[in-house]
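Below is one structure, written out as structure tokens, with a few remarks after it.
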Amino acid sequence: MEDHLSEILPSYRGKRSKLIPILQEVQAKFGYLPEEVMRELATFIGIPECEAYSVATFYAQFRLMPLGKKRVAICRGTACHISGAPKILEATEKVLGIKDGETTADLEYTLETVACIGCCALAPCLRINEDVHGRLTPAKASELFPAPSTNKGEQDVQ
Amino acid sequence: MSNRQCTVLVCQGTGCISGGAEPIYSSLEGEIAKPDLRENVHLKRTGCHGFCQQGPLVIVEPEGFFYSKVKPDDVHEIVQSLLPERKVVKRLLYRDPITNKRIPYYRDIPFYSKQQRTVLRNCGKINPEDINDYLASNGYQALRKALFELTSEQIIEEVKHSGLRGLGGAGFPAGQKWEACRRAPGEVKYVICNADEGDPGAFQDRSVLEGDPHSVLEGMIIAGYAVGAKQGFVYVRAEYPLAVKRLYIATAQARERGFLGRNILGSGFVFDIEIFQGAGAFVCGESTALVLSIEGKRGMPKSLPRPRTTEVGLWGKPTLLNNVKTFANIPLIIIHGSEWFASRGTERSKGTAIYSLTGKVANCGLIEVPMGIKLREIVYGIGGGPPGGKAFKAVQTGGPSGGCLPAELLDMPIDFDSLTAAGSMMGSGGVVVVDEDTCMVDVARYFLDFTQKESCGQCLPCRLGTYQMLQILERITRGEGVPGDIERLEWIGRRVKEYSLCGLGTTAPNPVLSTIKYFREEYEEHIYNKYCRAKVCALGMFRIEPDECVLCGLCQGVCETGAVKEIRNKFFIVQDYCNKCKSCYTICPVGAVRVEKYLPKEVTK
């Protein structure tokens with residue numbers, strides 16, 4: 001963990017204004033913001049730990065818990081909402097066996113909702129990592145994921 | 001160029017990429033690699049064409065053949081049609097949903113022919129990742145003119161005279177802002193481009209950045225020269241990875257060619273642009289919050305009274321903050337002059353507006369139209385009206401800060417002022433069309449749910465007011481609304497509008513207040529009849545019409561609570577068991593399941 005951090009920090013000057021870019025890079029590397037890393041970068045920038053924490057919790061992008069390998073973002077933009085995004089969310093929750101904001105026990109999937117991915121013409125849509133899938137129906141959305149039984153099985157193994 | 005030569009444009013906007021534009025590009029590349037074709041056919045990636053619904057799009061220039069919904073299997077046929085003589089692949093042409101005729105040229109398609117694309121002039125025509133394409137379409141000519149032929153005062157005078165208003169939503173006159181920033185004392189000044197497009201249902205900033213990033217950079221450099229700044233920032237949402245990537249490419253190319261950096265074009269002017277990725281907070285679209293966010297702090301708007309950002313902005317220095325589209329207009333004003341710009345639009349709103357037209361319309365996508373166009377032109381002329389013969393109900397403009405406009409207002413010319421007067425606002429320019437299948441109470445609840453979550457929590461009216469309003473709305477949509485709820489919503493809404501600290505709070509009640517104003521009877525039905533006419537909310541009395549029922553039994557099979565019972569030759573629903581999940585209503589093949597109003601007790605008696 002320290003190795004990674006020593007790769008990230010030297011490219012920044014220890015300035016307050018670099019807090020958000022550093023947090024973004026840390027998250028890109030680890031997938032979330034580990035506590036030890038947060039402490040260390042607060043010292044590096046020279047701000048109290050609580051301030052680094054307050055910034056990290058303010059923005060929707062930052063996560064304090066590890067994420068799944070695949071991040072599933074259900075778009076809840078206006079166009080998606082009126083074309084049935086709540087049903088898509090429901091179907092995805094069912095097939096993955098987790099609720100909005102949760103991660104499967106095998107750290108495979110994280111389910112989240114986002115305000116808008118900007119593919120309104122393809123509503124309703126969802127994004128898995130960087131790939132956008134549009135014009136969904138609850139059935140089509142479920143097909144994007146392995147059947148719930150196999151997923152559950154993996155959880156039991158864990 | 002001989003007439004054998006042609007260019008194949010492949011749209012690479014987010015919409016088309018998710019529709020599968022990438023495999024199409026690579027197989028086109030493979031097909032065109034053959035010797036005869038290689039000399040005559042140019043393949044080009046472009047930014048968003050706007051007509052995302054028909055994506056992936058492929059266009060053949062110079063004729064302008066417009067192929068929609070292209071699949072990798074169609075590529076071979078397209079390439080075959082290019083040589084020796086260029087023919088049109090009829091099968092892939094866009095089919096007009098009204099006349100059902102194929103339209104070969106994209107300039108004839110109603111979606112495009114009714115638009116005036118000036119800010120979007122290059123989107124879908126040039127390769128956004130190649131500065132040479134931008135240069136070939138008069139790119140950076142405005143910068144040259146500004147640096148060598150005009151003084152800063154003249155530029156500001158031009159911008160003022162053009163009547164350009166901030167296209168981020170509030171519509172503050174851009175020239176006035178520039179002048180205030182120029183006059184503010186201090187050596188160090190900043191220019192910020194606000195690309196924190198957080199409104200659900202709006203994607204025009206993203207499309208401009210993805211399709212024509214250099215036009216925004218050029219506008220920013222000119223702004224920097226006019227107000228006397230040396231450093232610029234683009235505050236772009238991290239949720240827009242493609243826009244971020246193209247901005248990085250564009251700034252690197254501009255630096256290489258001497259449009260950014262020290263001594264721009266040999267004029268001695270110094271200016272550079274840094275890209276800042278916003279970490280996802282809707283309130284950061286507010287100027288003081290955005291500035292704090294770049295400083296690395298929590299993005300909470302400064303409390304009142306606060307000095308303008310043009311006086312005390314980033315790190316306490318005078319800062320010019322404008323939206324993506326505002327900056328993209330600047331090169332046009334400098335080149336064509338303020339008279340040309342002011343010749344379009346209405347008395348007080350000049351130029352064009354870019355809307356993302358989405359929701360229940362046949363043609364969704366990104367459109368650019370003159371200010372003051374009638375809503376009807378947008379919804380029916382360009383959008384083609386609601387698909388499937390459904391009845392039009394309302395237009396929601398301006399996202400969570402805007403409101404809903406009913407069918408009666410379809411003939412209203414829309415600009416900054418008329419929208420505000422109607423209880424909505426221009427906002428980020430999202431235009432969401434809703435039809436009879438959309439519940440207005442649910443739409444209001446949806447927007448409030450969004451603003452309530454995004455409220456930074458700093459000031460009480462916004463933090464508690466939006467929460468209380470949401471509680472009431474949720475109660476109404478659950479069927480637990482009580483008489484007096486509508487008045488309570490109005491009372492709280494007016495106070496949140498009046499006393500909140502920043503733009504988020506002062507506009508948050510708009511969706512609720514405007515739907516109450518224009519669709520009050522829907523609220524009343526929810527509260528008094530426990531009925532939702534759009535059948536979105538879990539409300540109403542479910543009943544099976546025996547005369548229409550074909551006794552297939554699907555409804556009984558799908559009912560999770562066992563509310564559908566069968567006696568001899570008919571099915572019926574036991575009201576006490578029914579949880580109003582609508583499964584029977586959705587599954588019935590003949591539409592025999594009815595959702596009806598509960599009549600008030602006095603009447604049934």
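The values are calculated or read from the model by the stated rules, or taken from the named source; none is laboratory data. If you're wondering where the values come from, they're calculated on a predicted model, not measured in any experiment. Ideal geometry is used to build each Cβ from the backbone, glycine not excepted, and the neighbour counts take in all protein chains shown. Side chains included, ligands, DNA and RNA excluded: accessible areas come from the protein's heavy atoms. Shrake-Rupley method; radii C 1.70, N 1.55, O 1.52, S 1.80 Å.
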Taking the dipole about the Cα centre of the protein assembly as shown, with the C-beta of Lys and Arg at +1 and of Asp and Glu at -1, give me whichever of A:Ile22, B:Tyr225, B:Ala421 is farthest to the positive side.
B:Ala421
Accessible area (Å², 1.4 Å probe, nearest 10) - A:Glu90:
110
How high is the relative contact order of the stretch B:1-114, in percent, counting Cα pairs under 8 Å that sit 6 or more residues apart?
27
Rounded to a whole number, what % of the accessible area of chain A do carbon and sulfur atoms account for, probe 1.4 Å?
52
Which percent of Cα pairs goes in each bin when the distances of chain A are cut into 5 angstrom slices starting at zero?
2, 9, 17, 17, 14, 13, 12, 9, 7, 2, 0
Using 0.36 nm per residue, how much length does the chain from B:Arg257 to B:Asp417 gain when fully extended, once their Cα-Cα distance is taken away?
53.4 nm
Write down the Kirkwood hydrodynamic radius of the stretch B:131-342, to one decimal in angstroms, obtained as one divided by the mean of 1/r over all alpha carbon pairs.
16.9
20 Å Cα-Cα reach of B:Lys317 towards lysines, excluding residues that sit fewer than 8 places from it in its own chain
A:Lys15, A:Lys18, B:Lys177, B:Lys189, B:Lys230, B:Lys297, B:Lys302
Measuring from the lowest to the highest alpha carbon on each principal axis, how far does the protein assembly as shown reach, largest first, in angstroms?
92, 70, 63
Result for the stretch B:6-106: accessible area per residue, probe 1.4 angstrom, in square angstrom, of 43
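Keeping all protein chains in place, calculate the accessible area per residue for the stretch B:452-600 (probe 1.4 angstrom), answer in Å².
Working: 7510 Å² over 149 residues.
Normalised by residue count, the accessible surface of the stretch B:452-600 is 50 Å².
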In whole Hz, what ³J(HN,Hα) sequence does the stretch B:91-96 give by Karplus (6.51, -1.76, 1.60; θ = phi - 60°), x for Gly and Pro?
4, 9, 5, 5, 9, 5
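With every protein chain kept in place and ligands, DNA and RNA left out, what is the accessible area per residue of chain A? Probe 1.4 Å, answer in Å².
Working: 7510 Å² over 158 residues.
Averaged over the residues of chain A, the accessible area is 48 Å².
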Residues in the stretch B:240-286 occluded by at least 10 Å² - accessible area, probe radius 1.4 Å, against chain by itself
B:Tyr240, B:Pro241, B:Glu274, B:Phe276, B:Gln277, B:Ala279, B:Gly280, B:Ala281
Would you list, by chain and number, the aspartates and glutamates whose Cα falls below 13 Å from the Cα of A:Lys140, excluding same-chain residues fewer than 8 positions away?
A:Glu90
Across all Cα atoms of the stretch A:70-157, Rg and the largest Cα-Cα distance (Dmax), in Å, are 12.3, 41
Enter the buried accessible area of the A/B pair, total of both sides, probe 1.4 Å, in Å² rounded to the nearest 100.
3200
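At 20 °C and 1.002 mPa s, what whole-number value in µm²/s does Stokes-Einstein give for the translational diffusion of the stretch B:6-106, with Rh from the Kirkwood sum over Cα pairs?
Values: Rh = 13.5 Å.
After rounding, the answer is 159 µm²/s.
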Put +1 on the Cβ of every Lys and Arg and -1 on every Asp and Glu Cβ in the stretch A:1-126; which of A:Pro10, A:Leu122, A:Pro86 then has its Cα farthest towards the positive end of the dipole?
A:Leu122
From the square roots a ≥ b ≥ c of the eigenvalues of the alpha-carbon gyration tensor of chain B, which class results: rounded (a/c under 1.5), prolate (a/b over b/c), or oblate?
oblate
Per-q log10 I(q)/I(0), the stretch B:440-529, q = 0.22 Å⁻¹ (Debye; single scatterer per alpha-carbon; no solvent):
-0.98
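Which pairs in the list A:Lys29/B:Lys71; B:Lys125/B:Lys245; B:Lys570/B:Lys597; B:Lys44/B:Lys325; B:Lys125/B:Lys350; B:Lys160/B:Lys325 are over 27 Å apart, alpha-carbon to alpha-carbon?
On the way: A:Lys29/B:Lys71 36 Å; B:Lys125/B:Lys245 19 Å; B:Lys570/B:Lys597 22 Å; B:Lys44/B:Lys325 24 Å; B:Lys125/B:Lys350 25 Å; B:Lys160/B:Lys325 16 Å.
Beyond 27 Å between Cα atoms: A:Lys29/B:Lys71.
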Over the Cα atoms of the stretch B:352-435, what is the Rg over Rh ratio if Rh follows Kirkwood?
0.92
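Rounded to the nearest percent, how much of the accessible area of chain B (1.4 Å probe, protein heavy atoms only) is carbon and sulfur?
Within chain B, the accessible surface is 51 percent carbon and sulfur.
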From the alpha carbon gyration tensor of the stretch B:541-604, can you work out the equivalent ellipsoid semi-axes (sqrt of 5 times each eigenvalue) and give them in Å, largest to smallest?
20, 13, 11
